[in-house]
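Encoded as structure tokens, the structure appears first; notes follow it.
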Amino acid sequence: MSPFVRNAIVSLFLVPIFACIGWLLSGVPLSEEEFQKRISKKEIKSVSLGWDRRSGNLLIVQLEFKPEYFTREDRFRAWLEEPLALAKEKGWLQNATVVAFPPEIGNYFFLMNSRKELLDSENIDSAWNWALFFQRISIKNFSHIFDGEAVSFEIAQDSKERYERIFGDLAKIYGVSILAGSICLPSPEVKEGKLSIKPGEWQERAYILDPSGKFVEGSLLRTSSQKSEGTQVAGSEKEILPEVWVANLPSGRLGILFTEDLKSSQMEEIVKKTYASKLIGLGSQEDEGKFREWIKNSSFESSGQVQFSGNVWSQEFPAKSFAKTRYGSPEPIESQKGSLIINIFF
């Protein structure tokens with residue numbers, strides 16, 4: 001075999017390898033110019049119910065979901081602060097205010113400072129797998145290139161720190177309590193106002209930060225994410241009962257639940273046993289309207305639901321956030337797409 005032919009054959013193998021290496025090294029985050037092109041800002045709609053008796057209020061913040069907001073911390077903070085600033089202008093933020101953000105909001109922190117290719121993934125699982133791959137081959141985690149669990153924990157640690165810092169800062173700046181949606185972390189625990197994690201079972205939980213920026217004791221477990229594992233007892237699957245978290249806040253006791261748990265026949269009875277007169281539901285993507293209908297016919301002093309709006313990664317967020325007083329009807333009457341804040345005075 002002549003040297004020319006031999007070199008030509010070798011090049012057939014080397015060119016794809018070097019091309020792959022070049023692609024891996026050429027990844028860049030989403031630039032500010034590209035970010036502005038992808039984001040089309042619209043006016044934030046607002047609704048207010050009841051009257052101000054200086055006894056606190058609930059502010060439901062429906063955000064229009066765009067994964068681009070998660071690519072940089074300053075973009076994410078600005079996204080959260082825009083509705084808060086508007087609420088402050090309207091006089092809706094007080095020491096006894098509870099601000100509720102949509103569930104799952106903490107589950108997308110893995111996109112921070114990531115390559116822009118992740119934004120065009122087919123679904124969230126694909127985006128996560130690519131994020132995990134790029135983290136494993138990064139200089140920071142190269143020693144764990146074959147240890148996916150260790151790298152996943154590093155991503156979780158970064159997410160936990162951002163979640164705590166960002167929402168804690170906003171709670172202090174605006175002087176309110178913040179129900180910071182939910183976040184999935186390994187073996188999370190709140191102790192003395194701080195959130196910690198350790199290697200173990202991943203759980204999605206919702207947390208509240210008080211006006212001092214510290215975590216309120218307790219949390220709400222998303223039980224639907226645990227049911228897939230299922231504990232087998234005597235050949236049958238053990239039922240995991242839904243949870244209702246009753247948080248003691250400056251404005252009083254607030255019951256919090258994931259609305260998908262209303263599918264359980266025991267959920268209504270569990271809520272009744274809490275004796276909470278105020279209730280907020282963290283809305284499911286698979287919204288069937290059951291929670292809204294239940295609240296419509298209930299006599300809670302104040303209640304509501306918070307969800308995202310928008311379409312992303314082949315999934316749709318329903319945008320069916322609402323609030324209701326004891327004697328009124330859920331408002332808005334129909335789902336409102338886009339960014340929306342709903343204020344309800346206690």
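With respect to residue 221, determine if the residue is surrounded by fewer than 20 Cβ atoms within 10 Å (Cβ to Cβ), at pLDDT 90 or above, under 16 Å from the mean Cα position of the chain (by Cα) and not hydroxyl-bearing (Ser, Thr, Tyr).
Here the answer is yes, as residue 221 does meet what is asked.
Looking only at region 172-205, how many residues end up being under 21 Å from residue 56 (Cα atoms), touching a residue at least 60 places away in the same chain (Cβ under 8 Å) and outside any loop (DSSP other than H, G, I, E, B)?
Total satisfying the criteria: 6.
Give all pairs with beta carbons closer than 6 Å in which a residue from region 106-135 that is surrounded by 15 or more Cβ atoms within 10 Å (Cβ to Cβ) meets a residue that is part of a helix (DSSP H, G or I) and among the β-branched types (Val, Ile, Thr); count only pairs at least 6 apart in sequence or on separate chains.
The qualifying pairs are 110/155; 111/71; 135/151.
Taking residue 334 as meeting all but one of (1) assigned to a strand (DSSP E or B); (2) more than 21 Å from the chain's Cα centre (by Cα), write down the number of the exception.
Status for residue 334: all satisfied but (1).
What do you reckon, is residue 307 in contact with a Ser or Thr (Cβ under 6 Å, 6 or more places away or on another chain), closer than 24 Å to residue 93 by Cβ and in contact (Cβ under 8 Å) with a residue 40 or more places away in the chain?
Yes: the conditions hold for residue 307.
Rundown of residues vs (1) among the polar types (S, T, N, Q); (2) at pLDDT below 95; (3) within 18 Å of residue 114 (Cβ to Cβ), yes/no style:
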site	(1), (2), (3)
31	yes, yes, yes
34	no, yes, yes
66	no, yes, yes
86	no, no, no
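If you go through region 95-119 one residue at a time, how many are in a loop (DSSP other than H, G, I, E, B), within 19 Å of residue 171 (Cα to Cα) and not hydrophobic (A, V, I, L, M, F, W, C)?
Of the residues in region 95-119, 4 are in a loop (DSSP other than H, G, I, E, B), within 19 Å of residue 171 (Cα to Cα) and not hydrophobic (A, V, I, L, M, F, W, C).
Of the residues 321, 265, 314, which single one is among the small types (Gly, Ala, Ser) and within 20 Å of residue 58 (Cα to Cα)?
One residue alone meets the criteria, 321.
List every residue pair whose Cβ atoms lie under 8 Å apart, where the two residues are 6 or more positions apart in sequence or sit on different chains, the first residue falls within region 80-104 and is without any contact (Cβ under 8 Å) to a residue 60 or more places away in the chain, and the second residue, located anywhere, is surrounded by fewer than 20 Cβ atoms within 10 Å (Cβ to Cβ) and assigned to a loop (DSSP other than H, G, I, E, B).
91/52
What are the residues in region 303-316 that are surrounded by fewer than 24 Cβ atoms within 10 Å (Cβ to Cβ) and either assigned to a strand (DSSP E or B) or of a type in the set (Val, Ile, Thr) (or both), if any?
309, 310, 311, 312, 315, 316 - these are the residues of region 303-316 that are surrounded by fewer than 24 Cβ atoms within 10 Å (Cβ to Cβ) and either assigned to a strand (DSSP E or B) or of a type in the set (Val, Ile, Thr) (or both).
Anything in region 243-294 that is of a type in the set (Val, Ile, Thr) and surrounded by 21 or more Cβ atoms within 10 Å (Cβ to Cβ)? List them, or say none.
256, 259, 271, 280
Determine which single condition residue 176 fails, assuming it passes every other condition in (1) in contact with a Gly (Cβ under 9 Å, 6 or more places away or on another chain); (2) crowded, with 19+ Cβ neighbours inside 10 Å; (3) modelled with pLDDT of 95 or more.
Just one mismatch for residue 176, condition (1).
The values are calculated or read from the model by the stated rules, or taken from the named source; none is laboratory data. What you see is a predicted model; the values in this text were computed from it and never measured. Here the Cβ is made from the backbone with ideal geometry for all residues, glycine too, and neighbour counts use every protein chain on show.
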